[in-house]
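Accompanying notes for the structure given below.
The values are calculated or read from the model by the stated rules, or taken from the named source; none is laboratory data. Bear in mind that the values here come from a model prediction, so they are computed numbers and not experimental data. Backbone-built Cβ (ideal geometry, glycine too); neighbour counts: all protein chains shown.
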Amino acid sequence: MATELHETICMAKQEKHKNLFLNYKNLNNFPVELLKDEGLQFLERLYMKRNSLTTLPDNLAQKLPNLIELYLHSNNIVIIPEAIGNLARLQSLDLSNNALQMLCPEIGRLRSLRHLRLSNNQLKCLPSEIGDLQELETLDVSMNQLIALPEKLHHCLSLQNLTADHNHLRHVPRQLCWLHRLNQLSMAANRLNFLPLDLGRSRELQFVFVDHNSDLKGLPSYLYNKVIGCSGCGVSSQVQEEGANDTLGALPAEVKIVGSRSSTVVPLEELALRTLHRVYHHRLSDLHLLPNITLPKTLLDLLQFPLGHCHRCSQAMFTIIYPKLFPLRDTALAGVHRRTTVSFVAYCCSSPCLRTFDLQG
Ligand SMILES: [Zn+2]
């Protein structure tokens, strides 16, 4: 086997191969032949799945400087060296089915990276530097032990496909609704009990899978016309369907008042925030008319990421919502979701919007 491996690598080196297949070779260590002398300067794709590697060499980027795709699926890799960040041309990195417990922040230096697969490891958190990956299109972190997604994930403006099934996630960061290229979001089998009000507002988002989140009772009605997976959701609410709060599940902490059809007056605090938001987002040219007041950063953040937008009129909302429930059993989707008890929820900005909103409309 050792001789065969040696020959394969030597031939790849002499003939300047771009692809090298070293899958199923029983490798415990990274082959030294790959790292000798000047390495393999022409290699672009390295396939090393189903071996027994436990780490990667520090000089990988020096010896394989033109690597574009690196496949390390099904090894025993526990740690990735910081030097991984030097693989400047790397576009695809597959580390699925390994033993990773942490990922170094240097991963954020892989500025060409488009596909990152980390499923089936033992990751409890991810570095916020993942947010530096501006080209990232696919991120698969399913089957780990994550309690939260990376803080700056919404900076990955190219993200199209996010898969985070089978983790311990409690919420979908609201800012992900602003990822305009996101097409598929999969967060099945987590601990979600609430979805951001704006989820599905982006036309690009077409596939949302949140199956087996037993505490998830309400789906934003923006998802009504998308492909959704929600079987096994809302199972813990079967006994108590009465009471809007209960059916909605948990709402974010900043929602102080949940409006109802009868509350016709919008609270002053909410009106003030809506006015400020209009000034900041729609009438920037009018800013010079305002007195020169510096707003606190927390308030500016809030203005940048409202709680959600009215499903009827698109008005931004900050501290209140007027919810309206459409049990899934009353919709055309009921047939495909027979085992679920979740409802679609329209979130409106005022009682007039609440009265006039209809799912079909
Ligand atoms: Zn409205």
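Is there a residue being modelled with pLDDT of 95 or more, surrounded by fewer than 17 Cβ atoms within 10 Å (Cβ to Cβ) and either more than 28 Å from the chain's Cα centre (by Cα) or among the small types (G, A, S) (or both) anywhere in region 69-87? No, the conditions are met nowhere in region 69-87. Candidates V345, V279: the one that is surrounded by 11 or more Cβ atoms within 10 Å (Cβ to Cβ), in a helix (DSSP H, G or I) and modelled with pLDDT of 75 or more is V279. For region 351-361, a tally of residues being out of contact with any Lys or Arg (no Cβ under 6 Å at 6 or more places or on another chain), assigned to a loop (DSSP other than H, G, I, E, B) and either within 9 Å of the ligand (Cβ to nearest atom) or of a type in the set (A, V, I, L, M) (or both) returns 1. Only residues that are polar (S, T, N, Q) and surrounded by fewer than 20 Cβ atoms within 10 Å (Cβ to Cβ) were counted across region 98-112, and they come to 2. Note on region 1-18: residues that are within 15 Å of L67 (Cβ to Cβ) and surrounded by fewer than 12 Cβ atoms within 10 Å (Cβ to Cβ) total 1. When residues in region 304-316 are screened for being near the ligand (Cβ under 8 Å from one of its atoms) and in contact with a Phe, Trp or Tyr (Cβ under 8 Å, 6 or more places away or on another chain), 3 of them pass. Taking region 113-173 as the region of interest, none of the strands (runs of 3 or more DSSP E) fully inside it holds 3 or more residues being assigned by TED's automatic domain parsing to the domain that holds L87, crowded, with 19+ Cβ neighbours inside 10 Å and in contact with a Leu (Cβ under 6 Å, 6 or more places away or on another chain). The residues in region 54-78 that are farther than 16 Å from C104 by Cβ and either among the charged types (D, E, K, R) or part of a helix (DSSP H, G or I) (or both) can be counted, and the count is 3.
Within region 292-335, being over 16 Å from R174 (Cβ atoms) and part of a helix (DSSP H, G or I) holds for K297, L299, L328, R329, D330, A332, L333, A334, G335. Figure legend. Inter-residue proximity from region 113-136: first residues hydroxyl-bearing (S, T, Y), second residues not in a loop (DSSP other than H, G, I, E, B), beta-carbon distance below 6 Å, spacing 6+ or different chains. Indicated pairs: S119/D140. Only residues that are in contact with a His (Cβ under 6 Å, 6 or more places away or on another chain) and either hydrophobic (A, V, I, L, M, F, W, C) or in a helix (DSSP H, G or I) (or both) were counted across region 92-109, and they come to 0. Annotation note: of L185, L216, L176, the sole residue that is out of contact with any strand residue (DSSP E or B) (no Cβ under 7 Å at 6 or more places or on another chain), among the aliphatic types (A, V, I, L, M) and not in a loop (DSSP other than H, G, I, E, B) is L176.
Does C348 count as within 15 Å of the ligand (Cβ to nearest atom) and within 19 Å of E269 (Cα to Cα)? So C348 fits the description; yes.
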